[in-house]
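These notes concern the structure reproduced below.
The values are calculated or read from the model by the stated rules, or taken from the named source; none is laboratory data. Quick caveat, the model's predicted, so the values are computed rather than measured. So basically every Cβ, Gly included, is an ideal-geometry build from the backbone, and we count neighbours across all protein chains shown.
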Amino acid sequence: MALRTFIRKMSSAAGNRQLDLRGIFIPLTTPFNADEGIAFDKLKQNLKEYEKIPFTGYVVAGSNGEAPYLTPDERVQLVKFVRENTDGNKIVIGGSTAESTNLACELTSSMAKVGADGVLVMPPFYFRKRMTDEAIEKHYMTIADKCGMPIVIYNMPFVCGIDISTPLLAKMARHPLIRGVKDSDIRKCAGTVQDTKSLNFDVLIGSAGYLLGSLLNGCSGAINGLAGILGQELCDLYTAYHKGDFQKAREIQVRISKPDTLLLSELGVPGLKTAMDMFGLAGGRCRSPILPTTEADKQRIKDTLGKEGYL
């Protein structure tokens with residue numbers, strides 16, 4: 001048994017899991033059949049290809065996985081399937097976001113039982129006017145204390161309408177199981193890195209368009225949707241940076257910026273899935289009510305990827 005796998009299993013049994021979040025994580029998409037059921041066979045095909053890429057790990061049932069359209073049971077099933085079909089040395093992080101603290105705890109505990117190494121959690125936002133710093137802190141602290149699982153905070157103001165402040169992140173980072181944050185504001189990430197540098201806390205950038213800049217600002221790595229099609233390139237950029245080959249890192253950054261903007265910032269999950277189809281991966285349809293990519297947008301994707309030499 002690989003040493004890291006052994007350590008992960010022993011830590012799990014001890015209820016005191018620690019994660020090394022340095023590197024590139026791929027937030028997996030969820031393939032669906034014509035009836036909108038989960039196509040586990042297609043997911044297995046994708047994982048077979050992704051296992052060839054030196055990702056640090058996988059994020060399952062997150063935004064790119066269409067988490068809001070998955071039942072709690074489906075999210076747990078997906079975590080179990082990914083854990084069983086990937087290298088035990090790679091980290092599996094489940095998306096256990098829920099509006100109620102109790103449900104988030106239930107999801108987190110269920111994901112732990114099927115092999116998750118940690119969870120990614122957005123703040124509750126339906127009653128956002130009531131989501132004070134105190135309420136948000138209590139939400140995360142309760143999940144950590146009750147479940148004994150490492151937590152990555154998912155700060156997503158674009159969706160939540162809540163931007164967790166750097167002081168609050170630094171305060172929560174003192175908890176040994178609150179291990180990091182995924183954020184897409186590169187300026188804020190730099191501040192969070194500085195305010196948590198003495199703690200066991202990792203800052204991960206959520207946009208591939210800022211990957212090099214975030215690494216220069218001290219971020220540990222990234223959870224980037226663009227990894228769904230250009231995972232090797234993102235890993236190459238990360239490696240080049242850490243080897244001091246800044247010219248190569250910059251060249252990769254320039255090439256990936258336009259695809260990242262089009263697919264992730266503008267077209268979203270259906271655009272990414274369309275691009276996956278073009279790369280021979282199983283992208284396919286999204287669950288209702290998300291509409292498929294238009295023919296005009298498909299052409300834009302082909303043109304953008306082709307111009308950068310990816311198709």
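General remarks:
Condition check ((1) at pLDDT below 95; (2) farther than 23 Å from residue 78 by Cβ; (3) not charged (D, E, K, R)) across all residues:
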| site | (1), (2), (3) |
| --- | --- |
| 115 | no, no, yes |
| 119 | no, no, yes |
| 123 | no, no, yes |
| 146 | no, no, no |
| 157 | yes, yes, yes |
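- Conditions (1) surrounded by fewer than 18 Cβ atoms within 10 Å (Cβ to Cβ); (2) touching a Gly at 6+ places or on another chain (Cβ under 8 Å); (3) hydroxyl-bearing (Ser, Thr, Tyr); number of the one not met by residue 257: (1)
- Flag if residue 20 is in contact with an Asp or Glu (Cβ under 9 Å, 6 or more places away or on another chain), of a type outside the set (Phe, Trp, Tyr) and at pLDDT below 95: yes
- The numbered conditions (1) part of a loop (DSSP other than H, G, I, E, B); (2) modelled with pLDDT of 95 or more are all true for residue 270 except (1).
- Residue 238 outside any helix (DSSP H, G or I), buried (at least 16 other Cβ atoms within 10 Å of the Cβ) and either at positive phi or aromatic (Phe, Trp, Tyr) (or both): no
- Condition check for residue 49: more than 21 Å from the chain's Cα centre (by Cα) and either at pLDDT 95 or above or part of a loop (DSSP other than H, G, I, E, B) (or both): no
- Count - residues of segment 212-229 that are buried (at least 22 other Cβ atoms within 10 Å of the Cβ) and out of contact with any helix residue (DSSP H, G or I) (no Cβ under 6 Å at 6 or more places or on another chain): 2
- Helices (runs of 4 or more DSSP H) contained entirely in segment 97-203, each with at least 3 residues that are surrounded by fewer than 17 Cβ atoms within 10 Å (Cβ to Cβ) and within 16 Å of the chain's Cα centre (by Cα): 157-160
- Condition met for residue 142 (out of contact with any strand residue (DSSP E or B) (no Cβ under 6 Å at 6 or more places or on another chain), at pLDDT 95 or above, among the polar types (S, T, N, Q) and within 20 Å of residue 165 (Cα to Cα)): yes
- Test for residue 3: is it surrounded by fewer than 21 Cβ atoms within 10 Å (Cβ to Cβ), out of contact with any His (no Cβ under 9 Å at 6 or more places or on another chain) and either at pLDDT below 95 or within 22 Å of residue 77 (Cβ to Cβ) (or both): yes
- A single entry from 298, 302 fulfils the requirement of being of a type in the set (Lys, Arg) and in contact with a Leu (Cβ under 9 Å, 6 or more places away or on another chain): 302.
For every residue, the table says whether it meets (1) under 14 Å from residue 209 (Cα atoms); (2) part of a helix (DSSP H, G or I); (3) touching a strand residue (DSSP E or B) at 6+ places or on another chain (Cβ under 6 Å).
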{"residue": "254", "(1), (2), (3)": "yes, yes, no"}
{"residue": "283", "(1), (2), (3)": "no, no, no"}
{"residue": "286", "(1), (2), (3)": "no, no, no"}
{"residue": "292", "(1), (2), (3)": "no, no, no"}
{"residue": "299", "(1), (2), (3)": "no, yes, no"}
{"residue": "303", "(1), (2), (3)": "no, yes, no"}
{"residue": "310", "(1), (2), (3)": "no, no, no"}
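- Tabulated pairs, segment 69-86, first basic (Lys, Arg), second not in a loop (DSSP other than H, G, I, E, B), C-beta under 6 angstrom, 6+ apart or interchain: 83/92
- Residue among 81, 25 that alone is assigned to a helix (DSSP H, G or I) and of a type in the set (Phe, Trp, Tyr): 81
- Residue pairs whose Cβ atoms lie under 9 Å apart, sitting 6 or more positions apart in sequence or on different chains, and linking a residue in segment 255-284 that is over 16 Å from residue 32 (Cβ atoms) to a partner that is crowded, with 19+ Cβ neighbours inside 10 Å and among the acidic types (Asp, Glu), are 255/233; 256/233.
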